[in-house]
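A short worksheet on the structure shown next.
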Amino acid sequence: GTTKSDVAQQSSASATAAASSAAADPNAPVKQGLKIAFLPKQVNNPYFTIADGGGAAAAKEFGGEAKEVGPSEASASSQVSYINTLIQQKQDAIVISANDPNAVVPALTRARAAGIKVVSYDSDTAPAGRHVFVNQAGAEDLGRTEVQLLAEQIGHKGKIAVLSATPNATNQNTWIDFMKDELKKPEYKDMELVKVAYGNDEDQKSFTETQGLLRSYPDLAGIISPTTVGIAAAARYLSDSPYKGKVKLTGLGTPNQLKKFVKDGTIEAFELWNPADLGYLASYAAAALASGQITGAEGEKFKAGKLGEYTIGAKGEVLLGKPTVFNKENVDKFDF
Amino acid sequence: MRLDLARRWEGLILVLLVGVVVWASLGVDGFANGSNISFLLLDTTEIALMALTMTLVIIAAEIDLSVASTLGLSCAVLGRLWNAGLPIEAIMPICLLVGAACGAFNGLLVTRLGLPSLAVTIGTFALFRGLAYVMLGDQAVADLPPAYTGLATASFGPVPVATALVAVLAGVAAVVLHATGTGRSIFALGSNVEAAFFAGVRVKRIKLWLFVASGVMASLASLVYTFRYASARADNGVGLELAVVAAVLLGGVSIFGGRGTLPGVLMAVLLLGVVRNALILADVANEVLNFVTGLLLVASVLAPNVGAVWRRRTSPQVEGKSAS
Amino acid sequence: MTATATRTEAVRRGGGRRLVDRVARVRELGIVVALGVLFGVTGAVNPSFLTYASIRDILLNSAIVAMLAVGQTLVVVTRNVDLSVSSVVGLSAFGGALILADHPGVPVAVVVAGCVLLGALCGAVNGLLVGAAKVPALVATLGTLYAFRGIDYAWAGGRQVNAADMPEGFLSLGTRSVLGVPLLALTALVVLVVVGWMLGNLRSGRELYAIGSNPEAAVLAGIRVRRRIVAAFVANGALAGLAGVMWAARFGTVDATVATGKELDVVAAVVVGGVAIFGGSGTVYGAALGALLLSGITSALAVLRVDALAQTAINGALLLAAIALDRILALRVAAALRRRRFHDAT
Amino acid sequence: MNETPVLSLSQVSKAFGAVRAVREVSLELFPGEVHALAGENGAGKSTLVKILSGVHRPDSGRILLDGAPVEFGGPADAQRAGVAVIYQEPTLFPDLSVMENIFMGRQPRRRLGIDRRAMRASTAELFGRLGVHLDPDQPARGLSIADQQLVEIAKALSRQARVLVMDEPTAALSGTEVARLFGVARALRSQGCALLFISHRLEEIFELCRRVTVLRDGTYVASDLIADITPDDLVRRMVGRELDALFPKQETSRGEVALKVDRLTREGVFTDVSFEVRRGEIVALAGLVGAGRSEVARAVFGIDRWDAGSVEVDGERLRPASPTAAMAAGLALVPEDRRQQGLVMDLSIERNIGLAGLAAVRRGPLISRPAERERARDWAVRLRMKFGRLTDPVNVLSGGNQQKVVLAKWLARRPSVLIVDEPTRGIDVATKAEVHRLLSELAGGGVAVLMISSELPEVLGMADRVLVMHEGRLVAEIPRADATEESVMAAATGRSVA
Ligand SMILES: Nc1ncnc2c1ncn2[C@@H]1O[C@H](COP(=O)(O)OP(=O)(O)OP(=O)(O)O)[C@@H](O)[C@H]1O
Ligand SMILES: Nc1ncnc2c1ncn2[C@@H]1O[C@H](COP(=O)(O)OP(=O)(O)OP(=O)(O)O)[C@@H](O)[C@H]1O
Ligand SMILES: [Mg+2]
Ligand SMILES: [Mg+2]
């Protein structure tokens, strides 16, 4: 029969064969009228609306057309049918945030075979599925800085918990792994991660989960919620409970969502990259690929309008930059 | 009269289907070509598979809302066992057994305790999905054998292999439902359980087997799903149950049981698939897509009814199901 | 003749026994028992579950679903169902929040009334489809589930309304307490009692049961079936509209996806609460208890530090256990009553 | 009595598709008079009733109320005009209490809401008049068909209507209840109410009514004063020919014991019931409504579980609670409630007939449609069924024809033990004779027949032996020779102990 080890051997053999690409011409002009399709995890999600808006703005700058298509619920299978129709529509590039890093690969492979360039952003696909991954922030960076943020707020002491999205969310899980790793350092010896709870990126579930955390660990010192839905729900629960200000909360959130809670003292500081910039950069990366300026190989460079020049790193990754930390002082300056 | 109604319904769906296909072929770029048709057919596979048994279950006046969760659990089992190093040929029958067990669990609660299947399967909807998470946690198993993942997306001409599987099983289901004693019994018990029981129909046994079949079909769909997307995860197929139920109802199956045909359901599955595909190709926004799906569902039932209501105007007449 | 005579007389003997019978016949008994077990066991393991703050949270959490379950009961007793409630809640929550955010001058009361009206309108669409055009309720409302959500998405266009955008006076509706009872829970309770009384004590209320019990006979009895069904859907829609603004007040963050998938929770609450899904029997009290039980289970699992991955499974298992327990109790009581009648007669 | 009619129909017609159920029929209902409507099954009686009650709108013709034309848009309009109807099939709300069933839509009110106490009192008062002993708070679900009929009667009475239409109210009742009903009907008549009465029991028509209108195949045949005609005249008008003997009982030789019921008990329902039925024998099970006869039949056939005792068919013990096992052993049960238990209303005539004998029309794993249709047609003809097509759903058939479908379903299986529960309920005289001949033919052919019937003449005319039940116990066994109306009634009411 076919077992896992057979398959592992086969695929390692084929992986080396697949690494082939034409040479890049860094000086090629950006083609005009490029058709770029953004395929977020979910349409009508404010975060992606902002990001894809940034992408569309970039397309306008370089004379291309960008559109956003996608499912209204974040499931892997529905993204695949969109990829298939994008192939039929002969788009020049697809910019995707993958709900399931693997499930989209067969479809993306077909897209690449049809000459379509693929950029992943926000949430990567398996490397076989795309040319370039535009990473909003280094996973390691994010994971570690969140622990550092919280540690400062609670004086490096006490029980902490994580309120994540779904148990399968790839981003969150990588970050949480780095958080756990960071916590192993000696300066955190008095901090204990007691539980990872999952709010499934649903507002009410996240809310109830926060309740549950405080009910079962009344002596909790802080919560990290590395998801915009989670942190907003947790903030709302805390702001209206006796724990307000006592239990510290940090994580990833948008300034508009959390302004109120920063001002009323529920949250001291949280962080996030600028989603519009993420889409903007992904759009430029797609254009560079489609125009032949880059192929996705390590070390290639391309220009991304107002954001300046970027270099492709290992495994085809482009890093957007460090996330911004928001607090009482600066939160009013942002509007997204 | 009943037959006429059924025929009229199927006719309506068929007309709609042909109409949409003609419109899409002429008016939507990229619709009428082999590879798109092939995607389109492939995309309906899981729903079609589960709709086959769902049709039988609903005609028997029950419902199985746990199908998508059963699919998820079966995917999770597949992933777990694959990670453990079992050969895939051994895993697949185990998955089917898991599906059968899920179905039997539903069936036993419904037949032995006499609980309403809607309540039971809302419960197992959560239970099976939860077990899937317990089984596979947050892992995604993706290194599945290319021989199988390839087969799941392969096609003869524009007809995917998976669609051929659907066709064969649809044939079997149609024969069972429309030409065997068991099929007759299903219609009878769906329409009036008490009378069917008095006529010696083994009500409990048939219902139990219907749920088992539904579970097996869900796990078969899980195999297609897993290989097609080359990804086994605990959250595979979330939300598919409503799509399946919607297709079955659109196909003219009465939610109160006792009425419906398989060809109608298959055409409805196809209709929904074609509409979705064509609208996405035409760059219609997702919200409009949902709106159209809903409208289609309502309109398909509304159209024949408006005629009937109008006719009733001229001769008032009591109708509706008799007391149960 | 005499057989029946002795039978009834035997039942009449001893008022105490009759009372016991009555209590035993109460359909909601099983669910009350299940609730007792849940709170008892969880409280024993983790006493903080039974503190005021915790109970208050559970009441708050269940208030919205309970209200939806009350509305749903109105529809279900007529042998129909409304799956579109979750979309109506979403539409109303977003609509209300949007007006409050964009037009801060509009009084909160007007917005609440508007949302209720919007809900009633959606309910009327369902009601007319089901009552007048005779589309089976499950089909009609599955259709409007998609359609209303589609409108919601189109309206929102990816926009999110945050707590910061809404006036404090509105948000406090979701958190304020009156005499220690959260306002939301109180609203739900008032709705529950009023609807419960109407169903039990008004002709129109009883007619809803009659319609669900035997639609054909309802027509023959001269009941205006169509009007009653439309009314039930409108009332349910209005309650969903109210639940929508309550949602916005309670959760503060509102976008087009609010309450997606909640319809199954509501139907589950109704079914667990002993309302027969094929109409004709069941009470709103049962449905509300069902909602309380379901959110109680969720809260208990969080408090019991159950592994996150296992929570969904245990939730499902407990739900099944609750309905099975309810059923077994009902069967036992029925058997006991039959035996008792026998012994009285002989 | 020579006033204007309260309600009259003038030249009304009604067709259902190709079936012309009623053709230009006229009917006048006078206050203070009981008017009978007679005709074979499917003659159009119930259709006429439904026209009177606003359920059907006539295709042509007029309805006159106090001489003025009216239109009934629905049952509510007819009710407002003072027409109360007891339909042929009970129309109760199974989930609601008996008293709510009676007063639905007209519940007595207090200042706030419904006055349950007043409702209970009125119900008790109505039941008192009818001699019914039901608990007003008991749900209607689970009532025997007779009790349901009594509740329907109470419901109609509670309306205090000017016109009371009764479509076979007595079909499910036994002598005592019928006598009570007639008492109430006469009282209403003397209060000036107009009554329309339908029954297939001719003696009832002659006992209660003053005038009779006969329909045949949807057309009006004649209207006569009862005093002017004899039962034979009436039958001739209905059937259009002379009729053979109603109870063509032939003497047969008895074979071995085919059905042996031993100390069968179902707690709360019946106790210690023992009896035997031999091949070639027709045994009647008599008793008052609620005596537990149907319950015994249900348990024997495996519908209900029994608590003690045993059932043997041809010496083999039956597995309890399995109709399939009972059928395999050669048992058949024609249940008393045809709508709920006998028929699948949405299915066609042929499929209903085929349902109990799917094995007989199978070719390999598949059903042979020609064989199924052949079998159905065969029995439809033998029972003189009246229908459009075999593929019509049974719910468009008239009550009596529905009953024939149930009979056909079971007779087609050629059972060795046949239990029939009220086999001729709602069946017209001609067909009744047919059914009786059939039963006695079956007995002659060696079938053991157990017949439950509330119609004493039928019991006395058909049975070789009469078993009588009272309060869930078998209290008497009376051989044919000793069976008289008096002896059976005495046992049934518990006055004599066997
Ligand atoms: N809704 C309907 N649709 C079609 N045909 C109908 C319908 N109702 C009645 N019929 C037909 O009309 C004819 C008259 O039926 P009706 O019920 O009036 O007979 P009936 O005189 O009451 O007979 P019975 O004594 O058996 O009750 C029958 O042939 C019947 O099949
Ligand atoms: N001894 C008894 N004690 C209590 N309930 C009884 C008793 N006998 C019968 N019943 C109930 O009375 C109802 C009528 O019983 P059943 O149908 O067996 O009567 P029957 O003799 O067949 O009369 P019918 O003519 O109505 O068919 C049933 O609901 C049964 O449960
Ligand atoms: Mg009739
Ligand atoms: Mg009986």
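Highest-first packing order for the peptide set C:197-205, A:186-194 is C:197-205, A:186-194, based on the mean count of other beta carbon atoms within 10 Å. Comparing C:127, C:212, C:40 in a Gaussian network model of chain C (Cα springs below 10 Å), the most mobile by mean-square fluctuation is C:40. Neighbouring Cβ atoms from other chains, within 10 Å of the Cβ of residues in C:268-274, number 3 on average.
Taking a Cβ cut-off of under 13 Å around residue B:273, the surrounding Lys, Arg, Asp and Glu residues balance to a net charge of -1, with basic ones at +1 and acidic ones at -1.
Of the solvent-accessible surface of chain D, computed with a 1.4 Å probe and all protein chains present, 46% belongs to carbon and sulfur.
Each helix, a run of at least 4 DSSP H residues, gives -39500 (n - 2.57); summed and divided by the residues of chain A, these come to -13000 deg cm²/dmol at 222 nm. Between residue D:124 and residue D:263, full extension at 0.36 nm per residue minus the direct alpha carbon distance yields a gain of 46.4 nm. Within segment D:206-349, all pairs of alpha-carbon atoms sorted by distance into 10 Å bins from zero give the percentages 9, 26, 23, 21, 17, 4. Kindly provide the GluC sites (Glu not before Pro) of segment A:240-336 that DSSP labels as loop, not H, G, I, E or B, and whose Cβ sees at most 11 other Cβ atoms within 10 Å. For GluC sites (Glu not before Pro) across segment A:240-336 that sit outside H, G, I, E and B with at most 11 neighbouring Cβ atoms in 10 Å, the list reads A:298, A:329. Straight-line cross-link partners of residue D:50 among the lysines, defined as a Cα under 28 Å from its Cα and at least 8 positions apart when in the same chain: B:321, C:134, D:14, D:155, D:386, D:404, D:432. Volume of the convex hull of the protein assembly as shown (Cα atoms only), normalised per residue: 186 Å³. A 1.4 Å probe over all protein chains sorts D:470, D:436 by accessible area into D:470, D:436, starting with the largest. Which shape class applies to segment B:52-180: rounded if a/c is under 1.5, otherwise prolate when a/b exceeds b/c and oblate if not, where a ≥ b ≥ c are the square roots of the Cα gyration tensor eigenvalues? Oblate. Quick check on segment A:217-336: of the DSSP beta bridges with both residues there, what percent are antiparallel, nearest 5%? Antiparallel bridges: around 60 percent, rounded to the nearest 5. I need the calculated FRET efficiency for the pair residue D:274 and residue D:324, taking r as the beta carbon distance and R₀ as 25 Å, to the nearest 0.05. Rounded to the nearest 0.05, the efficiency is 0.50. Calculated FRET efficiency, residue A:307 to residue C:204, Cβ-Cβ distance, R0 = 60 Å: about 0.35 to the nearest 0.05.
When chains C and A come together, the accessible area they lose, probed at 1.4 Å and totalled over both chains, is close to 2700 Å². Only helices enter the 222 nm calculation for chain C: every DSSP H run of n ≥ 4 contributes -39,500 (n - 2.57), and dividing by all residues gives -25000 deg cm²/dmol, rounded to 500.
The mean count of C-beta atoms from other chains within 10 Å of the C-beta of residues in A:203-209, rounded to a whole number, is 6.
In this assembly, the D-B interface accounts for approximately 3000 Å² of buried accessible surface in total, computed with a 1.4 Å probe and without ligands, DNA or RNA. Each of the peptides A:25-35, B:26-36 was scored by the mean count of other Cβ atoms within 10 Å over its residues; in descending order, highest first, they stand as B:26-36, A:25-35. Net charge of the neighbourhood of residue B:63, taken over other residues with C-beta under 12 Å away and scored Lys/Arg +1, Asp/Glu -1, is -2. Overall shape of chain A was characterised from the C-alpha gyration tensor. The equivalent ellipsoid obtained from it has semi-axes of 37, 22, 18 Å, in decreasing order. Annotation: per residue accessible area for the protein assembly as shown equals 35 Å², rounded to a whole number [probe 1.4 Å, protein chains only]. Heavy-atom surface analysis with a 1.4 Å probe gives segment B:120-221 a carbon and sulfur content of 74 percent of its accessible area. Within chain B, the whole DSSP H helices whose Cα atoms reach 20 Å or more along their own axis and whose mean Kyte-Doolittle score is at least -1.0 are B:2-27, B:45-59, B:67-83, B:88-112, B:117-136, B:161-179, B:203-229, B:262-281, B:286-314. Relative contact order of chain B, taken over Cα pairs closer than 8 Å and 6 or more residues apart, is 34 percent.
The mean count of C-beta atoms from other chains within 10 Å of the C-beta of residues in A:38-47, rounded to a whole number, is 4.
In segment A:57-97, the residues that give up 30 Å² or more of accessible area when the other protein chains are added, compared with the chain on its own (1.4 Å probe), are A:72, A:77, A:81, A:82, A:84, A:85, A:88, A:89. Once C-alpha pairs closer than 8 Å and six or more residues apart are averaged by separation and normalised to the residue number of chain C, the relative contact order reads 35 percent. Considering only A:210, A:324, A:170, the mean-square fluctuation computed in a Gaussian network model of chain A, springs between alpha carbons under 10 angstrom, is largest for A:324. Relative contact order of segment B:108-225: 20 percent, from C-alpha pairs under 8 Å at least 6 residues apart in sequence. Accessible surface of segment A:263-310, 1.4 Å probe: 48 percent of it comes from carbon and sulfur atoms.
Scoring D:359-365, C:287-293 by mean Cβ neighbours within 10 Å over their residues and listing the highest first yields C:287-293, D:359-365. Amide H to amide H, with H built 1.01 Å from N, residue D:421 comes under 5 Å of D:334, D:452, counting only residues 5 or more places away or on other chains.
To the nearest ten degrees, helix D:429-444 and the longest principal axis of the Cα atoms of chain D are 0 degrees apart. Determine the sum of side-chain charges near residue D:322: Lys and Arg each +1, Asp and Glu each -1, restricted to other residues whose C-beta is under 15 angstrom from that of residue D:322. With Lys, Arg at +1 and Asp, Glu at -1, the net is +4. Any of A:180/A:205; A:35/A:322; A:117/A:306 with alpha carbons more than 27 Å apart? Name them for me. Too far apart for the 27 Å limit: A:35/A:322. Chains C and D: how much accessible area gets covered up at their contact, both sides added, probe 1.4 Å, in Å² to the nearest hundred? For chain C against chain D, roughly 3300 Å² becomes buried.
Mind pulling the angle between the C-alpha long axis of helix C:203-213 and the longest principal axis of chain C? Nearest 10 degrees, somewhere in 0 to 90. Compared with the principal axis, the helix lies near 80 degrees. Here each label is just a point 7 Å from Cα along the line to Cβ, and for residue A:109 and residue A:153 those points are 4.4 nm apart. In degrees between 0 and 90, to the nearest 10, how far off the longest principal axis of chain D does helix D:369-382 point, with axes built from Cα atoms? Approximately 70 degrees, to the nearest ten.
In the protein assembly as shown, what percentage of the DSSP-assigned beta bridges are antiparallel, given to the nearest 5? Taking every DSSP beta bridge within the protein assembly as shown, about 45 percent pair in antiparallel fashion.
Estimated purely from DSSP H runs of n ≥ 4, each contributing -39500 (n - 2.57), the mean residue ellipticity at 222 nm for chain B is -25500 deg cm²/dmol once divided by its residues. In segment C:286-308, the residues whose accessible area drops by at least 20 square angstrom when the other protein chains are added to the isolated chain are C:298, C:302, C:303, C:305, C:308; the probe is 1.4 Å and only protein heavy atoms count.
The values are calculated or read from the model by the stated rules, or taken from the named source; none is laboratory data. If you're wondering where the values come from, they're calculated on a predicted model, not measured in any experiment. Glycine gets a Cβ as well: all are built from the backbone with ideal geometry, and neighbour counts include every protein chain shown. In case anyone asks, the SASA skips ligands and DNA or RNA and just uses the protein heavy atoms, side chains included. Shrake-Rupley method; radii C 1.70, N 1.55, O 1.52, S 1.80 Å.
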